[in-house]
1. For the ranges 239-250, 384-395, what's the packing order if you count other beta-carbon atoms within 10 Å of each residue, average per peptide, and put the highest first?
2. Kindly work out what percent of the DSSP beta bridges joining two residues of the chain are antiparallel, to the nearest 5.
3. Using the count of nearby Cβ atoms within 10 Å as a rough guide to exposure, how do 191, 213 rank from fewest to most?
4. For region 194-317, what mean projected area does the convex hull of the alpha carbons give, in nm²?
5. Cβ neighbours within 10 Å, averaged per peptide: list 305-312, 343-350 in order, most packed at the top.
6. Could I have the simple spin-label model distance between residue 254 and residue 121, label points 7 Å from Cα toward Cβ, reported in nm to one decimal?
7. At a threshold of 8 angstrom on Cα-Cα distance, excluding pairs fewer than six apart, so keeping six or more, what relative contact order does the chain reach in percent?
8. Using the alpha-carbon centroid of each, what span in Å lies between region 314-367 and region 264-296?
């Protein structure tokens, strides 16, 4: 009897059993909030990134909030990409900024440097760029524009820890860089992040802001860990391949909302003009200890993802119907995933699922078109198109090379067997 072979999961979180055990050990010993590990992490992270100062924050988006709040005057514009998570836009608004959307560059999905300067006027307070999928957003080119107009450059480096441009770490090129240690990032302490800068005054302001808040509660962290544990169990290859994939495959192919909603990662698309109170906490020493254990793995994991990204590029570059990232030979990018774009995304995803490939659409929206953000609407046709076309191919270090080859084979078969271009 023929048994169809299921794939490995599209993503897995960066955890080990020690990630869970250490939480309960530290709870038992009363060490969740004890120790000087946060300050130790700040020193070592700054040293590793070759930058003067770092301060830990509870989330990347909170780092963006405090960076904007301390760099602009209330009511000033912040030039940014509309192709991002809604909460990043909300952080700019909550910090007193006005999002000024600049269209994106087609191949990467990052902000288009050529669209920035035409938006600069006397009311612009900063430029915010995001290095999507670990691919540089032309930070040096944009820095030159910012320096010309004496504007601070904020780098959202949530997906690009360890990536470089011109041998300089992303996040250290502009005025300030913001990193994420969230559950789905390459450094995972369940929630967390850091802000880095050579501007001591700015870092001290953010540190002073944070000192008004308590540590993240053990209960809040536990709920994140419980979610992580469920995710880890569901994506354990043997369990995923025997059962979970077939459930999700059935839901996708038959458009069953009750199943498909579990795969959605951004459900709240509303404007919020104040930062949620539960965001305003501090990273715990226990979380800092988790990050410290992972710092030496950043480059090793990056190189694993680069290998997979190069395989995708070489295997798909001759398919005219696909849009692939540029500059693939630059091993400085970190490729948290490998983005491709196709004009009929659902048709390609259905083909992949029919051929037992677990591949996901990128969940970002073109925020410039969302109803709640109509006051900030700007016509961004490239971002609009990208938001309906982008697909993410897995690159995480535990993803087998054999799976990469199967993904390439199935995508190529789509073009040869369906006649699509």
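1. Numbers: 239-250: 16.4, 384-395: 21.4.
Highest mean packing first, the order is 384-395, 239-250.
2. Values: 21 of 36 bridges.
Bridges in the chain are about 60 percent antiparallel.
3. On the way: 191 23, 213 14.
Final ranking by Cβ density, sparse to dense: 213, 191.
4. On the way: hull surface 52.1 nm².
The directionally averaged projection comes out at 13.0 nm².
5. Working: 305-312: 21.2, 343-350: 15.6.
The peptides rank, most packed first, as 305-312, 343-350.
6. 5.5 nm
7. Numbers: 814 pairs, mean separation 98.0, N = 421.
Averaging sequence separation for qualifying contacts and normalising by length gives 23 percent for the chain.
8. So the two Cα centres are separated by 28 Å.
Values in this text are rule-based calculations from the coordinates and carry no lab data. Note that the structure is predicted; figures quoted are calculated from it, not measured. Ideal geometry is used to build each Cβ from the backbone, glycine not excepted, and the neighbour counts take in all protein chains shown.
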